[in-house]
Amino acid sequence: MPKDERRINKRVATKFEISYLHESDYLISFTKNISADGMFVETEKLPELGSTIKLVFTIGKLNKIETNAKVMWVNKGASPKDTGMGVKFLNLPAKAKDAILKEINVVAIL
């Protein structure tokens, strides 16, 4: 882990569909990785740094997790796979956080 790494929780590579709403834009995209605190969302439509977006996704046995997230950083990569944003969950329900942690542990074991 780089010395400037600020994440507390382990982040694992995973790809699943996610919808997000920012202002009047409703977009469907994919994740690149996830942790108990946030995720990286692949998207070419990048919201402003520091803005709040609404995320809607399914993980594990939980259908339709809805939570707000803050855009912590954006990456304008050379390819669409690298272009996206790192977001931090805001007020993520405990049930959703537990489902994410369970998924992370399954992926980490594999």
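The values are calculated or read from the model by the stated rules, or taken from the named source; none is laboratory data. Predicted model, so just to flag it, every value in this text is computed and none were measured. Don't worry about glycine lacking a Cβ; one is built from the backbone with ideal geometry, like all the others, and counts go over all protein chains shown.
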Just to be sure I understand, how many residues within segment 24-52 are more than 16 Å from T83 (Cβ to Cβ) and touching a residue at least 12 places away in the same chain (Cβ under 8 Å)?
8
Within segment 48-62, identify whether any single residue is loosely packed, with under 14 Cβ neighbours inside 10 Å, in a loop (DSSP other than H, G, I, E, B) and polar (S, T, N, Q), and answer yes or no.
no
Given the conditions (1) in a loop (DSSP other than H, G, I, E, B); (2) small (G, A, S); (3) in contact with a strand residue (DSSP E or B) (Cβ under 6 Å, 6 or more places away or on another chain), which single one is not true for A69?
(1)
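May I ask you to verify whether K76 is of a type in the set (D, E, K, R), in contact with an Asp or Glu (Cβ under 9 Å, 6 or more places away or on another chain) and surrounded by 13 or more Cβ atoms within 10 Å (Cβ to Cβ)?
Values: of a type in the set (D, E, K, R): yes; in contact with an Asp or Glu (Cβ under 9 Å, 6 or more places away or on another chain): yes; surrounded by 13 or more Cβ atoms within 10 Å (Cβ to Cβ): no.
In short, no.
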Scanning segment 35-49 residue by residue, the ones that are of a type outside the set (G, A, S) and over 19 Å from K76 (Cα atoms) total 1
Quick check: anything in segment 32-43 modelled with pLDDT under 90, over 17 Å from L90 (Cβ atoms) and assigned to a loop (DSSP other than H, G, I, E, B)?
no
What pairs come out if I take residues in segment 75-88 that are more than 14 Å from T31 (Cα to Cα) and pair them with residues that are of a type in the set (V, I, T) and at pLDDT 90 or above whose C-beta lies under 8 Å away, six or more apart or interchain?
K76/T83; G77/T83
Residue, nearest to R11 (Cα to Cα), within segment 76-99, restricted to residues that are assigned to a helix (DSSP H, G or I), at pLDDT 90 or above and of a type in the set (A, V, I, L, M, F, W, C)
A96
With respect to E23, determine if the residue is surrounded by 12 or more Cβ atoms within 10 Å (Cβ to Cβ) and acidic (D, E).
no
